[in-house]
1. So how tilted is helix 31-42 from the main axis of the chain? Cα-based, degrees 0 to 90, rounded to 10.
2. Nothing charged except the Cβ atoms of Lys and Arg (+1) and of Asp and Glu (-1): what's the magnitude of the dipole of the chain about its Cα centre? Round to the nearest 20 debye.
3. With runs of 4+ DSSP H residues as the only contributors, calculate the mean residue ellipticity of the chain at 222 nm using -39,500 (n - 2.57) per run, divided by the residue total and rounded to the nearest 500.
4. Taking Cα atoms, how many degrees apart are the long axis of helix 3-16 and the longest axis of the chain, rounded to 10 and kept between 0 and 90?
5. What does the accessible area per residue of the chain come to in Å², with a 1.4 Å probe and no ligands, DNA or RNA counted?
6. Express in nm, to one decimal, how much length is gained between Val27 and Asn42 on full extension, taking 0.36 nm for each residue of separation and deducting their alpha carbon distance.
7. Could you state the orientation-averaged shadow area of the convex hull built on the Cα atoms of the chain, in nm² to one decimal?
Amino acid sequence: MDNSEADRLWDIISTQFIPSWDDIEEVEPDEWDLQMLKDIENDPDCKTFE
């Protein structure tokens, strides 16, 4: 998928499925989320994409 196709797909998603980013409920991170964030900060392997 090139950038043009990705942009078209995002336009479809954002107009058809997400009425507004403001309508999305924000929630506090739970213990699982906090552990993942800690791992990202402290474990260099968490930043490796293959």
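1. 80 degrees
2. 220 debye
3. Here the helix-only value at 222 nm equals -16500 deg cm²/dmol.
4. Between helix and principal axis, roughly 80 degrees.
5. Per residue, the chain has an accessible area of 104 Å².
6. Values: separation 15, 0.36 × 15 = 5.40 nm, distance 2.39 nm.
Net length gain for the segment: 3.0 nm.
7. 5.7 nm²
The values are calculated or read from the model by the stated rules, or taken from the named source; none is laboratory data. What you see is a predicted model; the values in this text were computed from it and never measured. We place every Cβ from the backbone using ideal geometry, glycine too, and count neighbours over all the protein chains shown. These accessible areas exclude ligands, DNA and RNA; they are computed on the full protein's heavy atoms, side chains included. Shrake-Rupley method; radii C 1.70, N 1.55, O 1.52, S 1.80 Å.
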